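The values are calculated or read from the model by the stated rules, or taken from the named source; none is laboratory data. Bear in mind the structure is a predicted one, so any value in this text is a computation, not a measurement. Cβ placement follows ideal geometry from the backbone for every residue including glycine, while neighbour counts extend to all protein chains displayed.
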Amino acid sequence: MHIKSAEFVVSNSDVTKCPKDRLPEYAFIGRSNVGKSSLINMLTSRKSLAKTSGRPGKTQLINHFLINDNWFLVDLPGYGYARVSKSTKKVFQKFITQYFEHREQLVTAFVLVDIRHKPQPIDQEFMQYLGESGIPFSIIFTKADKLRPKAIENHVEAYKNILLETWEEMPNYFITSSSKDIGKDDVLNYIDGLNNS
Ligand code: GDP
């Protein structure tokens, strides 16, 4: 898919205020600092469409971007950042779950995980939550440039083994690096396929 246009539309913490258009949408979510903003900028070939933040936990809003005038890319807040106070954490968790439970336009979610790390309980819990809520999702491994190809294979294998303890099959996954422009076409073509199915 060629990205001809990518525009910021709206940010809010209330799912009822998200765009009313019935366009298909795709949500990106993961722990703070996982590389979500960088990935969104890579996918859209824009330097700073999503703000890469030196201060994790800063962007606690649902951000809608309109892509090619026919689908929404949704940047959701990072979860599980320890320095966010308990009450703030609760608020964003509630609006995240409200987003997933009420947003009928959502086609699939992309859960981002840093390829270098083992699955963290919060990532597993979040995937469990999506599964139990019947929300389709794929995993996007980020920062693949940090590992050699063999190590990438080993880390994905280890991830699979852990997930297969609770899942019948490994969810669909992508290996990406925003620094090295890896995986962009795989993700965009996957979205394109879903938009045209
Ligand atoms: P976010 O908090 O999930 O939106 O993460 P950011 O996109 O702001 O990235 C967090 C940090 O990881 C920044 O220092 C980025 O430069 C770095 N980063 C993001 N993507 C990559 C990547 O693909 N490779 C490497 N090596 N670093 C990355």
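Just a few scattered comments:
- Filter result (under 18 Å from Lys184 (Cα atoms) and within 16 Å of the ligand (Cβ to nearest atom)) within region 121-146: Ile139, Ile140, Phe141, Thr142, Lys143, Ala144, Asp145, Lys146
- Candidates in region 93-123 are the residues that are over 24 Å from Ser13 (Cα atoms) and not charged (D, E, K, R); of these, the one that is surrounded by the most Cβ atoms within 10 Å (Cβ to Cβ) is Ile115.
- The set of residues in region 125-146 being polar (S, T, N, Q), in contact with a helix residue (DSSP H, G or I) (Cβ under 9 Å, 6 or more places away or on another chain) and closer than 18 Å to Lys94 by Cα consists of Ser133 alone.
A quick yes/no check of all residues on (1) part of a loop (DSSP other than H, G, I, E, B); (2) at pLDDT 95 or above; (3) surrounded by fewer than 19 Cβ atoms within 10 Å (Cβ to Cβ); (4) more than 14 Å from the ligand (Cβ to nearest atom):
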position	(1), (2), (3), (4)
Phe8	no, no, yes, yes
Thr16	no, no, yes, yes
Asp21	yes, no, yes, yes
Phe28	no, yes, no, no
Arg55	yes, no, yes, no
Thr59	yes, no, no, no
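- Residue, nearest to the ligand (Cβ to nearest atom), within region 171-181, restricted to residues that are surrounded by fewer than 17 Cβ atoms within 10 Å (Cβ to Cβ) and farther than 16 Å from Ala109 by Cβ: Ser179
- Filtered residue count, region 30-53, keeping only those that are small (Gly, Ala, Ser), modelled with pLDDT of 90 or more and either more than 12 Å from the ligand (Cβ to nearest atom) or part of a loop (DSSP other than H, G, I, E, B) (or both): 2
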